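This is the structure I want to talk about, given as structure tokens.
Rule-based calculations on the coordinates, nothing more; no lab input. These numbers were taken from a predicted model, which means no experiment stands behind them. Glycine gets a Cβ as well: all are built from the backbone with ideal geometry, and neighbour counts include every protein chain shown.
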Amino acid sequence: RTVALLRRDDESGVAPPPPSADDIATLVDQARAGGLDVELRTRGDLGGLPPSVGVALYRVAQEAVGNAARHAPRASTVLGIEVGDGRATLVAETRGATRDRPGGEVERPGYGLVGMRERATALGGELAAGPTPEGWRVTCRLPLDGAERVPAGELRER
């Protein structure tokens, strides 16, 4: 992001705003345009979320959709987000065949999963991710009341 800012032509020096939960619809549209079968279902007011929760939800959704594109490009993914009862919940469920790794390729640790879990934990939430009989599921729950207790610099976009 810093390099992109330094290469900007307008010389304004103003970084773009961090993404929010409202931007997830655009993320899904872009994934669809790239050929991924993904559906977004929302319930509640995503626009009223604390900024730290909005950024975290966006990044978790981005990683979940990216993982579906990399590991299960022919599968279908439903991305559900619900806001209510003092929390925001995101569930990304991918159903269908996953790509086989070429023979001999070793599975690398998933830093994306680690990053999603760290984001959730920093806000007092939780994240679970793993295989299901039909594919893969990511579930992230974030409390809304404790979101602003995180020190301001902790969740800045980098």
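Provide the per-residue ³J(HN,Hα) series for segment 131-144, in order, calculated from phi with Karplus coefficients 6.51, -1.76, 1.60 and θ = phi - 60°, each as a whole number of Hz, with x at glycine and proline positions.
3J(HN,Hα) across segment 131-144, in whole Hz: x, 10, x, 9, x, 8, 9, 10, 10, 10, 10, 10, x, 8.
Could you tell me the distance between the Cα centroids of segment 49-89 and segment 29-44, to the nearest Å?
Between the Cα centre of segment 49-89 and that of segment 29-44, the gap is 10 Å.
Give me the one-decimal nm value for the distance between modelled label points at ARG32 and GLU134, 7 Å along each residue's Cα-to-Cβ direction.
Here the answer is 2.0 nm between the modelled labels.
Right, something else. Between LEU144 and residues 5 or more places away or on another chain, which pairs have amide H atoms under 5 Å apart, with H built 1.01 Å from N, and which residues are they?
Answer set, sorted by chain and number: ARG87, ALA88.
Under a Cβ-Cβ cut-off of 14 Å, what is the net charge of the residues other than LEU40 that fall near it, where Lys and Arg count +1 and Asp and Glu count -1?
Residues close to LEU40 contribute a combined charge of -4.
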